[in-house]
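Engineer: Before anything else, here's the structure in question.
The values are calculated or read from the model by the stated rules, or taken from the named source; none is laboratory data. Just so we're clear, the structure is a prediction, and the values are computed from it rather than from any experiment. Quick reminder, even Gly has a Cβ in these numbers, built from the backbone with ideal geometry, and neighbours come from all protein chains shown. Side chains are part of the model used for accessible areas, which takes the heavy atoms of the whole protein and leaves out ligands, DNA and RNA. Shrake-Rupley method; radii C 1.70, N 1.55, O 1.52, S 1.80 Å.
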Amino acid sequence: MNTLLLAITAIALVVLVALVLRPVQEEDKPEQEEDARISPLLRGINYLLSDEPDLALKEMVQVARLRSEAADVYMALGEMFRSKGEIGRAVRIHQNLLARPDLPKSMHLQAHLALATDFQTGGLLDRALYQYQKALDIQSDHAGALEACLRIREQSHEWLLAEELLSRLERVRNESYSSHRAYLFSEMALQACQQNNTEEAHAYCARALELDAACAPARMVEIELALQEHDTEAAKTGIRTLWQQAREHFPLVIPLLLQYESFYNSDGNTLLRDLWLEDHDAELMLAWIENLARTRNTAEAKQLYDEMTFEPRSLRDTLRLNAVLGDNSNPHTRFARQWRKTAKNYACEQCGVEVVEVRWQCPQCHSWGTLHPKSEEKI
Ligand SMILES: [Zn+2]
């Protein structure tokens, strides 16, 4: 709604300024015509002040009709339609503006950006990219357009193109985004690994880790590659490094280790036990128990729990354990299982959004590596 209010205010200001600064020859125009332009404007402002944005919008459409030559009014009107979710109308307004031969050169950039935002909001990413490119043709160092293109390339998993855009942004802003770049390379590594392009995957992992040794997803791809190649020593080194460099994300590697059964049954299992004995990390143990129950069976999870003499020390940990090992007939177990499915375990340090499953890029503010496990409420 804020955008809508801003847009209405913008229209009101544009029209007011235009009326105050109107050319001298217009002085002679009949008073009636001037009234026709001012009345809807005043009514619109009135509706705006009485918090009735829909009625205000209606009046502003009338203002735009009476001042059809004012491109600014249309720009602001387009914003209003977009913020109300009427993307089709916003697109038509901005397209009509761009088609006008009398549109001042200075407004082309603005109109292309507005149209791009309309398409992006409506999910038409190719058309949005095309319009952002048009804007960049006019001003190649427009950081907003570069950033929007970067977001779209990331959203469509076009990592190489995203990395190119990141480089351009770095130059424009004169800042270094090495941690962000490390995440892009780790995504490239994962993509190559999934396509069995081992050599490329290794190269991308190396580039990501060179930029940021604590980049957990790159380390995890490196571990997976070692497991695929039956290189036990490299896998063990990778796991230990992940433990040292990115402890909070370490539990995410456990499902991968369980997937490679012969490794898990010999070295993997022993290594996890050693790491557990180092400092009794509850997150490690809980993730291990949960994943064992999920991929094998509850009996194995129970056996591990008994062997390791693990005692949960927080409400959250007790619920997690209960969700796996609790008695089916117990209503507390049913509650714990329900809670486990919907509990938001990760929060973004940048924007504060909370999510159930970890992601490397925040779904709300799009920052990379900003989602961390939520701190626990100790009993
Ligand atoms: Zn965020």
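Engineer: Have a look at Leu169, Leu161, Leu211 and point out the one that is closer than 22 Å to Thr370 by Cα, among the hydrophobic types (A, V, I, L, M, F, W, C) and either out of contact with any Ser or Thr (no Cβ under 6 Å at 6 or more places or on another chain) or in the same structural domain as Val358 (by TED's automatic domain parsing) (or both).
Structural biologist: Unique residue meeting the criteria: Leu169.
Engineer: Now for a different question. Looking at (1) touching a helix residue (DSSP H, G or I) at 6+ places or on another chain (Cβ under 9 Å); (2) within 15 Å of the ligand (Cβ to nearest atom); (3) at pLDDT 90 or above, can you tell me which one Gln364 breaks?
Structural biologist: (1)
Engineer: Same structure again: Going by the structure shown, is Ala114 surrounded by 13 or more Cβ atoms within 10 Å (Cβ to Cβ), within 13 Å of Ala71 (Cα to Cα) and among the aliphatic types (A, V, I, L, M)?
Structural biologist: yes
Engineer: Kindly indicate whether Arg340 is open to solvent by 50 Å² or more (accessible area, probe 1.4 Å) and either assigned to a helix (DSSP H, G or I) or touching a Ser or Thr at 6+ places or on another chain (Cβ under 9 Å) (or both).
Structural biologist: yes
Engineer: Of the residues that sit in the range 320-337 and are surrounded by fewer than 16 Cβ atoms within 10 Å (Cβ to Cβ) and outside any helix (DSSP H, G or I), which one is farthest from the ligand (Cβ to nearest atom)?
Structural biologist: Ranking the candidates gives Ser329 first.
Engineer: For the structure I just gave you, tell me whether Gln350 is surrounded by 12 or more Cβ atoms within 10 Å (Cβ to Cβ), within 16 Å of the ligand (Cβ to nearest atom) and modelled with pLDDT of 90 or more.
Structural biologist: Yes: the conditions hold for Gln350.
Engineer: Within the range 123-161, work out how many residues are among the hydroxyl-bearing types (Ser, Thr, Tyr), surrounded by 14 or more Cβ atoms within 10 Å (Cβ to Cβ) and under 16 Å from the mean Cα position of the chain (by Cα). Steps first, please.
Structural biologist: Keep residues of the range 123-161 that are among the hydroxyl-bearing types (Ser, Thr, Tyr), which gives 130, 132, 140, 156.
Next, only the ones that are surrounded by 14 or more Cβ atoms within 10 Å (Cβ to Cβ) stay: 130, 132.
Then keep just the ones that are under 16 Å from the mean Cα position of the chain (by Cα); that gives none.
Result for the range 123-161: 0.
Engineer: With the condition being over 21 Å from Lys341 (Cα atoms) and more than 30 Å from the chain's Cα centre (by Cα), I'd like the helices (runs of 4 or more DSSP H) fully within the range 201-319 carrying at least 1 qualifying residues.
Structural biologist: In the range 201-319, the matching helices (runs of 4 or more DSSP H) lie at 216-228, 232-245, 269-279, 298-308.
Engineer: Checking the condition open to solvent by less than 30 Å² (accessible area, probe 1.4 Å), outside the structural domain of Val358 (by TED's automatic domain parsing) and under 24 Å from Glu200 (Cα atoms), which residue from Ile289, Ile254, Ile239 passes?
Structural biologist: Answer to the selection: Ile239.
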